[in-house]
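First up is the structure itself, then whatever we jot down about it.
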Amino acid sequence: SDIYCMPSKTATFGLTYLEAWHKRKPVIGVDIPPARELIASNAGGLIIPYGNMNALQRTITKLIQNPILSKKLGENGYKALMAKYTQNRVLSKYEHFFNG
């Protein structure tokens with residue numbers, strides 16, 4: 001796969017986005033707060049309106065036709081994964097949260 005897309009509005013955090021970033025793939029998600037926060041804030045993919053199949057098609061085409069952009073978004077996602085979302089980083093935050 002060259003691109004990962006999950007045009008669902010029921011996913012919360014989107015662990016599968018992180019899995020795609022681990023393989024340095026750009027992601028496409030819908031414009032809901034969790035996906036927007038994860039994808040847009042890390043510049044690891046593109047956001048589309050929920051249910052807009054034309055936007056999904058255009059976005060997939062854009063990423064396929066622009067391998068430089070795809071690579072950049074995938075690399076950004078990978079860097080964010082390594083900096084913020086590895087097990088060690090997340091686990092220490094949870095421990096701090098639960099232990100006060």
(request) At a temperature of 37 °C and a viscosity of 0.692 mPa s, determine how fast the chain diffuses translationally according to Stokes-Einstein, using the Kirkwood radius over alpha-carbon pairs as Rh; express D in µm²/s, rounded to the nearest whole number. (result) 238 µm²/s
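Within 10 Å, at most 15 other Cβ atoms, and a DSSP state outside H, G, I, E, B define an exposed site. Report the longest part of the chain free of exposed trypsin sites (Lys or Arg not before Pro).
24-100
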(request) Could you tally up the Lys pairs in region 41-100 with alpha carbons closer than 19 Å? Skip any pair fewer than 8 positions apart unless they're on separate chains. (result) 6
(message) Let me see the P(r) profile for region 1-41: every Cα-Cα distance counted, bins of 10 Å, each bin given as a percent of all pairs.
(response) 33, 59, 8
(request) Go through region 45-50 residue by residue and turn each phi into a ³J(HN,Hα) via Karplus (6.51, -1.76, 1.60, θ = phi - 60°); whole Hz please, and just put x for glycine and proline. (result) x, 10, 10, 10, x, 4
(message) Could you check the spin-label model distance between residue 53 and residue 41? Points 7 Å from the Cα along Cα→Cβ, value in nm.
(response) 3.3 nm
(request) Report, to the nearest 10°, how far helix 67-84 tilts away from the longest principal axis of the Cα atoms in the chain, using its own Cα long axis and a range of 0 to 90°. (result) 10 degrees
(message) For the chain, what does the helix formula give at 222 nm: sum of -39500 (n - 2.57) over DSSP H segments with n ≥ 4, over the residue count, nearest 500 deg cm²/dmol?
(response) -16500 deg cm²/dmol
(request) Could you tell me what percent of the accessible area of region 22-65 is made up of carbon and sulfur, with a 1.4 Å probe and every protein chain present? (result) 52 percent
(request) Please state the charge dipole magnitude for the chain, taken about the Cα centre, from unit charges on C-beta atoms (+1 on K and R, -1 on D and E), reported in debye and rounded to the nearest 20. (result) 240 debye
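The values are calculated or read from the model by the stated rules, or taken from the named source; none is laboratory data. As the structure is a prediction and not an experimental result, all values here were calculated from the model. Glycine also receives a Cβ, built like all others from the backbone with ideal geometry; neighbour counts cover every protein chain displayed. Keep in mind that these areas ignore ligands, DNA and RNA; they rest on the heavy atoms of the full protein, side chains included. Shrake-Rupley method; radii C 1.70, N 1.55, O 1.52, S 1.80 Å.
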